[in-house]
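Peer 1: One structure coming up, written as structure tokens, with questions to follow.
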Amino acid sequence: MPIYAYKCESCGFAKDVLQKISDPVLTDCPECAKPSFKKQLTAAGFQLKGTGWYATDFKGSGAAPSTAVAPVATDSAPAAASSDAPAASTKTETAAPAAPVAAKPAAAA
């Protein structure tokens, strides 16, 4: 059952009450008996830490999802015999543009 925090707007009396969700909201202050006892908005009493739970966790076969990487397909053709052929590279390089781009003149405003 959740614990709700209440505070009287008239006298300032505050109280934490253990209630069912289906129980009616308290309105009368136990100290001054005025109908100004209001439920307070409070922070949750727990924290979620770590990577968390997801809707896809534990669905299906019950096994944890695989993180294995699929093997890279290799070319079955034999390697080139000549040494002047460029070797394939897996490096990511930024190539310069083939032709310089002409700057557009600024439009008159």
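Peer 1: So what J values fall out for the range 16-32 if you push phi through Karplus, 6.51 cos²θ - 1.76 cosθ + 1.60 with θ = phi - 60°, rounded to Hz, Gly and Pro as x?
Peer 2: Whole-Hz 3J(HN,Hα) from phi for the range 16-32: 9, 10, 8, 9, 6, 5, 7, 5, x, 5, 6, 10, 9, 5, x, 8, 9.
Peer 1: Just rank Thr51, Thr27, fewest to most, by other beta-carbon atoms within 10 angstrom.
Peer 2: Working: Thr51 7, Thr27 12.
Least crowded to most crowded, the residues run Thr51, Thr27.
Peer 1: Could you list Leu48, Leu26 in order of exposure, starting from the residue whose Cβ has the fewest other Cβ atoms within 10 Å?
Peer 2: Details: Leu48 8, Leu26 16.
Lowest to highest Cβ neighbour count: Leu48, Leu26.
Here, each number is a calculation from the coordinates, and none is a lab measurement. Predicted model, so just to flag it, every value in this text is computed and none were measured. So basically every Cβ, Gly included, is an ideal-geometry build from the backbone, and we count neighbours across all protein chains shown.
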